[in-house]
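A.B. asks: Dumping the structure here so I can ask a few things about it.
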Amino acid sequence: QVQLVESGGGLVQAGGSLRLSCAASGHTFSNYAWFRQAPGKEREFVAGINWAGGVTYDADSVKGRFTISRDNVKNTVYLQMDSLEPEDTAVYYCAVRRNAVTMRPNDYDYWGQGTQVTVSS
């Protein structure tokens, strides 16, 4: 059974940092991504990482503030978020797919339950 379990969300003031974790089990897929969804908005791509550690970011929203990484021994993917802004408030989701990272949510095979990130001004 495939499981993706996110953690690390919470309430933080603008300018602060959070590190999200996505613990994976039950599959051999290797290409992960973080998406986020704010109320009333579509789910959007934030960052992705492939099996070899190659990374992709959504330049517009991330602007060099977020860093995605992975620990293959722990089967965990991370999203380090620095210089957080109120506009970053959303539910953050981890997703995985067999093939290369894309920015389209519908391309992903499995999803976690999401973790809420709230940034106060």
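The values are calculated or read from the model by the stated rules, or taken from the named source; none is laboratory data. All figures in this text were calculated on a predicted structure; none of them were measured in a lab. When we count neighbours, we look across all protein chains shown, and the Cβ atoms used for this are built from the backbone with ideal geometry, even at glycine. Areas reflect the complete protein model, heavy atoms only, side chains present, ligands, DNA and RNA absent. Shrake-Rupley method; radii C 1.70, N 1.55, O 1.52, S 1.80 Å.
A.B. asks: From the phi of every residue in the stretch 74-81, what ³J(HN,Hα) in whole Hz does the Karplus formula 6.51 cos²θ - 1.76 cosθ + 1.60 yield, where θ is phi - 60° and glycine or proline is x?
C.D. replies: Each residue of the stretch 74-81 in turn: 8, 6, 10, 10, 10, 9, 8, 10 Hz.
A.B. asks: Another question, then. Using unit Cβ charges (K, R positive; D, E negative) and no other charged atoms, how large, in debye to the nearest 20, is the dipole of the chain about its Cα centre?
C.D. replies: For the chain, the charge dipole is close to 280 debye.
A.B. asks: Further question: Given the protein chains as shown and a 1.4 Å probe, how many square angstrom of residue 98 are accessible, to the nearest 10?
C.D. replies: So the heavy atoms of residue 98 present about 150 Å² to solvent.
A.B. asks: Per-residue ellipticity at 222 nm for the chain, helices alone: DSSP H runs ≥ 4 residues times -39500 (n - 2.57), over residue total, nearest 500 deg cm²/dmol?
C.D. replies: -500 deg cm²/dmol
A.B. asks: On to the next question. Spelling out what I want: for every residue of the stretch 85-95, take phi, set θ = phi - 60°, compute 6.51 cos²θ - 1.76 cosθ + 1.60 (Karplus), and round to whole Hz; glycine and proline get x.
C.D. replies: In residue order, the calculated couplings are 10, x, 5, 7, 4, 4, 8, 9, 10, 9, 9 Hz.
A.B. asks: So who's got an amide H within less than 5 Å of the one on residue 10, skipping anything under 5 residues away but keeping other chains? H placed 1.01 Å off N, in plane.
C.D. replies: The list, which skips near neighbours in sequence, is 117, 118.
A.B. asks: With θ set to phi - 60°, apply the Karplus curve 6.51 cos²θ - 1.76 cosθ + 1.60 along the stretch 102-111 and write out the HN-Hα couplings as whole Hz, x wherever there is a Gly or Pro.
C.D. replies: Taking θ as phi minus 60°, the curve returns 10, 9, 9, x, 5, 7, 8, 8, 9, 9 Hz for the stretch 102-111.
A.B. asks: Tell me the net charge near residue 29. Cut-off is 10 Å between Cβ atoms, residue 29 excluded, with +1 for each Lys or Arg and -1 for each Asp or Glu.
C.D. replies: On the way: positive: 97, 98; negative: 109.
Residues near residue 29 contribute +1 overall.
A.B. asks: Just grab the label-to-label distance for residue 113 and residue 100, each label 7 Å out from Cα along the Cβ direction, in nm (one decimal).
C.D. replies: Output for this residue pair reads 3.5 nm.
A.B. asks: Report the net charge of residues surrounding residue 114, where surrounding means a beta-carbon distance below 13 angstrom and charges are Lys +1, Arg +1, Asp -1, Glu -1. Intermediate values should be presented prior to the final figure.
C.D. replies: Numbers: positive: 36, 43; negative: 6.
Summing Lys/Arg as +1 and Asp/Glu as -1 gives +1.
A.B. asks: What full-extension length gain, to one decimal in nm, is calculated for residue 120 and residue 85 as 0.36 nm per residue of separation minus the Cα-Cα distance?
C.D. replies: Once the chain is fully extended between residue 120 and residue 85, it gains 11.8 nm.
A.B. asks: Moving on. Under a point-charge model restricted to the Cβ atoms of Lys and Arg (+1) and Asp and Glu (-1), what is the dipole moment magnitude of the stretch 11-69 relative to its Cα centre, in debye to the nearest 20?
C.D. replies: 160
A.B. asks: Projected onto the charge dipole of the stretch 9-121 (+1 at Lys/Arg Cβ, -1 at Asp/Glu Cβ, origin at the Cα centre), which of 26, 56, 93 gives the Cα projection farthest towards the positive end?
C.D. replies: 26
A.B. asks: Given the Cα-Cα distance of residue 7 and residue 65 and 0.36 nm per residue of separation, how much length would full extension add, in nm?
C.D. replies: 19.0 nm
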